[in-house]
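Below is one structure, written out as structure tokens, with a few remarks after it.
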Amino acid sequence: MGQPGSVAPFKKPDTAPSAAAKPRGRKFLRQNELVDRVQAYQPDASDDELNKAYVFAVMKHGQQLRHSGDPYFAHPVAVAGLLTDLRMDQSTIIAGLLHDVVEDCDVSVDDIRGLFGKDVAELVDGVTKLPKVTGSNSPRALIQAENFQKFILATTKDIRVLLVKLADRLHNMRTIEFMPTEESRLRISRETLDIYAPLARRVGLSIFAGELEDLAFRQVNPVAYAAISKRLEELTTDDTSILDRIRSDIETVMLARGIRGELKGRMKRPYSIWRKLENKSISFKDLGDVFAYRLIVPTTDDCYRALGAAHQQWAALSEKFADYISVPKPNGYRSLHTTFLGPGNRRVELQIRTTDMEAVAERGVAAHWKYKNSQYGFDAESAREAGLDAEGELIEFADMLKHGGSPEEFLEHAKLQMYRDSVFVFTPKGQLVRLPAGATPLDFAYAVHTEIGDTTIGARINGQERPLRTALENGDTVEIQRGTKPAAQPHWENLAVTGRARSAIRRLTRVAERGEFIAIGRRLIEHALRRIGLDPAEVDQAEMTERAGFEKADALAEAIGRGRLSTADMLEKAFPGLDDPGRQASASRDQDGPSLVAGGEMTAGVTMHLAECCSPLPGDRIIGVLIPEKGIEVHVIDCARLADYEGQADHWLDLRWKPKGDADALAVGRIHVTTANRRGALALLAKTVSDAQGNIINVKTLKRSPDFFDFEFDVEVEDSKRLTQIVAALRALAVVDSAERVKG
Ligand code: MN
């Protein structure tokens with residue numbers, strides 16, 4: 001590496017910004033520079049035509065000035081320059097130069113047809129007639145939606161119209177700071193985030209999309225933009241030596257396998273970080289402290305070999321792996337993605353792809369303008385081979401028009417299509433709520449209002465009662481059923497995907513947990529007092545609390561409830577000298593039965609856990625055992641495991657089920673079945689269970705002999721009565737030798 005004359009196996013990344021972005025020392029591309037750039041990829045492009053268009057644009061825009069003070073023609077020239085970044089054909093470059101002359105300069109489409117031919121004229125006409133998607137003078141949603149329909153229809157006729165429009169918008173966003181009013185800067189930026197950036201993504205034009213998003217985000221949320229940019233900058237300046245070290249380690253590993261290519265450091269974009277921070281409960285550290293690289297190799301084969309080399313050297317984080325080569329994204333994107341613990345145990349993100357895949361990743365549909373049969377143009381065949389159907393993607397929008405629906409409906413549908421990683425649902429009153437894909441009714445509830453989230457007990461989706469774990473789908477109408485007080489269960493945290501819902505649920509359950517431990521503790525204290533012959537109502541609580549070494553009664557109850565302090569020790573401190581039978585108790589639970597705390601009515605929740613050994617179901621006779629720091633473990637009264645807790649009488653609680661269980665919480669029971677070894681026996685059992693309204697969630701084969709099968713089923717049911725019915729139905733089958741519920 002680095003020897004004079006040799007080709008470096010790993011090229012240094014090309015970090016120079018595009019000439020259109022920052023023409024060095026000059027404000028805009030000169031005529032001959034533009035021609036050179038086009039001819040670099042389309043050698044047969046005509047100097048004459050390009051020069052003619054350049055001069056025409058300069059002349060027609062004449063003395064007009066931009067808000068920036070630049071001559072107006074600097075804008076169409078910059079747009080044409082951006083289109084050369086996409087390697088668009090000569091007609092598109094010319095259309096870029098002329099895209100504003102019809103609207104601004106009293107030139108007709110016929111004039112253009114006469115001067116530059118039909119192809120250019122139709123492109124300019126298309127761009128000129130594109131409706132304003134959200135014009136400041138048309139704030140009404142209806143007009144917006146109708147215009148959006150027209151916009152999509154116009155761009156499906158020739159996707160180059162869309163590419164010119166996107167280049168136009170990108171240059172306008174690059175100069176947005178010159179717009180005179182904040183109102184106009186915000187409006188244009190919101191439009192960019194809502195319509196243009198998603199459209200650019202839709203056709204795979206990610207270099208434009210990323211820049212459009214960041215420029216618009218900077219206007220719409222300057223504080224967040226500045227904070228994230230600053231953090232990103234700190235990371236890269238702090239870690240230059242680490243970046244270089246990881247880079248050289250990856251290069252060494254690849255070279256050892258004979259893999260040659262180009263390794264690029266990858267900048268994280270502020271807007272994409274912001275979207276993730278907004279949607280998921282992750283911290284900036286999770287997102288930012290990742291060292292991101294992209295490896296460009298010659299062949300697809302090299303991609304997989306490079307992946308293998310990385311995974312053999314470093315531990316891969318499997319959940320971060322994706323193979324978009326074998327299954328490309330709908331916009332044609334192909335690449336391998338992996339994350340591994342690299343040098344110094346740092347998380348390293350590596351994207352591996354070929355040069356062709358890189359072109360598609362950056363330019364999407366535009367990557368398919370190339371020579372075919374000595375004509376420079378869109379190569380539909382190459383696009384299809386790459387798995388890309390960008391025009392089809394837009395035609396999908398157009399198809400929606402044919403299927404009727406109002407313009408507003410169309411706009412919403414089109415937006416749904418553009419935001420693939422989002423899900424759009426409605427409140428019962430028809431208000432649209434956008435959530436990240438995978439969101440559940442809990443996320444919805446918290447997105448609408450924290451108070452609604454806190455009191456959620458159930459949900460109806462499209463009029464049907466559905467479990468809170470249900471992932472919402474586009475267009476669902478979600479109605480939240482609310483209780484009178486906070487109802488969050490600890491496992492609900494895992495049902496939510498948004499950071500907002502998850503942290504709120506965590507906060508609620510922490511409060512509820514303490515409350516429940518206090519309640520348990522109070523009950524245990526009452527029970528202990530009765531055991532030594534005292535009436536809890538007559539005991540001076542304050543004095544007892546103080547003697548036990550606590551300032552507040554709640555703190556004492558909590559300590560007892562959490563099992564940090566035993567009631568025996570508490571009694572010893574508070575009432576020394578009084579005989580405590582609980583201390584020596586070795587009594588069996590039969591003897592202790594009557595003296596147990598009676599009538600605890602608890603819902604499965606924060607501090608109560610159904611024991612897995614016997615899986616109690618609503619309706620079973622149950623008993624609770626206090627396990628320090630864990631809470632109450634609930635067993636059926638005849639569970640064999642209860643023998644382990646004999647002798648800890650003061651840790652036992654008599655419990656019974658609340659009359660009506662939590663509608664959302666189905667319980668799981670286990671059934672052991674022995675059947676004749678006959679074809680179709682299992683299918684028959686499964687059908688019987690489901691006919692009896694049980695939901696099989698697991699099947700285990702225990703034994704299989706020539707004559708008999710032994711199965712265990714885990715069945716989801718609402719209560720023990722249902723499970724009994726299912727067992728009975730199974731026993732009724734001719735093939736079934738025996739069926740019984742498994743306890744303990
Ligand atoms: Mn323009």
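The values are calculated or read from the model by the stated rules, or taken from the named source; none is laboratory data. If you're wondering where the values come from, they're calculated on a predicted model, not measured in any experiment. Ideal geometry is used to build each Cβ from the backbone, glycine not excepted, and the neighbour counts take in all protein chains shown.
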Would a scan of the range 187-196 turn up a residue that is surrounded by fewer than 22 Cβ atoms within 10 Å (Cβ to Cβ), within 13 Å of the ligand (Cβ to nearest atom) and either modelled with pLDDT of 95 or more or in the same structural domain as Glu122 (by TED's automatic domain parsing) (or both)?
yes
Name the residues in the range 53-79 that are away from the ligand (no atom under 14 Å from the Cβ) and of a type in the set (Phe, Trp, Tyr), would you?
Tyr54, Phe56
Here is a list: Leu199, Leu170. Which entry is buried (at least 22 other Cβ atoms within 10 Å of the Cβ), within 15 Å of the ligand (Cβ to nearest atom) and part of a helix (DSSP H, G or I)?
Leu170
Going through (1) surrounded by fewer than 17 Cβ atoms within 10 Å (Cβ to Cβ); (2) within 20 Å of Ala471 (Cα to Cα) one by one, Glu493 fails only at (1)
Please tell me if Val735 is farther than 25 Å from Arg641 by Cβ, of a type in the set (A, V, I, L, M, F, W, C) and in contact with a helix residue (DSSP H, G or I) (Cβ under 9 Å, 6 or more places away or on another chain).
yes
Strands (runs of 3 or more DSSP E) (entirely within the range 680-744) containing at least 1 residues that are touching a residue at least 24 places away in the same chain (Cβ under 8 Å), among the charged types (D, E, K, R) and within 29 Å of Arg621 (Cβ to Cβ)
708-717, 736-741
Based on this model, can you work out whether Ala121 counts as within 14 Å of the ligand (Cβ to nearest atom), within 46 Å of the chain's Cα centre (by Cα) and hydrophobic (A, V, I, L, M, F, W, C)?
no
Filter the strands (runs of 3 or more DSSP E) completely within the range 413-505 down to those with at least 2 residues that are more than 20 Å from Lys276 (Cα to Cα) and either modelled with pLDDT under 85 or touching a Phe, Trp or Tyr at 6+ places or on another chain (Cβ under 8 Å) (or both).
478-482
Which residue pairs have Cβ atoms under 6 Å apart, sit 6 or more places apart or on different chains, and have a first residue in the range 155-176 that is among the polar types (S, T, N, Q) and a second that is outside any helix (DSSP H, G or I) and within 11 Å of the ligand (Cβ to nearest atom)?
none
Six or more apart or on different chains, Cβ atoms under 6 Å: show the pairs whose first residue is in the range 182-201 and over 9 Å from Gln219 (Cβ atoms) and touching a residue at least 24 places away in the same chain (Cβ under 8 Å) and whose second is surrounded by 19 or more Cβ atoms within 10 Å (Cβ to Cβ) and aromatic (Phe, Trp, Tyr).
Ala200/Phe208
Might you let me know whether the range 209-225 holds any residue that is among the small types (Gly, Ala, Ser), in a helix (DSSP H, G or I), modelled with pLDDT under 90 and away from the ligand (no atom under 16 Å from the Cβ)?
yes
Residues of the range 173-186 being among the basic types (Lys, Arg) and away from the ligand (no atom under 16 Å from the Cβ), which ones?
Arg185
For the range 422-475, enumerate the residues that are charged (D, E, K, R), surrounded by fewer than 18 Cβ atoms within 10 Å (Cβ to Cβ) and within 21 Å of the chain's Cα centre (by Cα).
Arg434, Arg469, Glu473
Answer from Leu115, Leu97, Leu50 - the residue that is among the aliphatic types (A, V, I, L, M) and within 16 Å of the ligand (Cβ to nearest atom)
Leu97
So for the range 699-710 (the condition being modelled with pLDDT under 80, assigned by TED's automatic domain parsing to the domain that holds Thr674, under 17 Å from Ser615 (Cβ atoms) and basic (Lys, Arg)), does at least one residue qualify?
yes
Candidates Ser382, Ser326 - the one that is part of a helix (DSSP H, G or I) and among the small types (Gly, Ala, Ser)
Ser382
His311 being part of a strand (DSSP E or B) and free of Cβ contacts under 8 Å to residues at least 40 places away in the same chain:
no
Among (1) within 16 Å of the ligand (Cβ to nearest atom); (2) farther than 29 Å from Ser374 by Cβ; (3) assigned to a helix (DSSP H, G or I), which single condition is Phe28 missing?
(3)
Would you mind finding the one in Arg294, Arg353, Arg363, Arg347 that is surrounded by fewer than 17 Cβ atoms within 10 Å (Cβ to Cβ) and at negative phi?
Arg347
Name, by its number, the condition in (1) within 24 Å of the chain's Cα centre (by Cα); (2) at pLDDT below 80 that does not hold for Arg510.
(1)
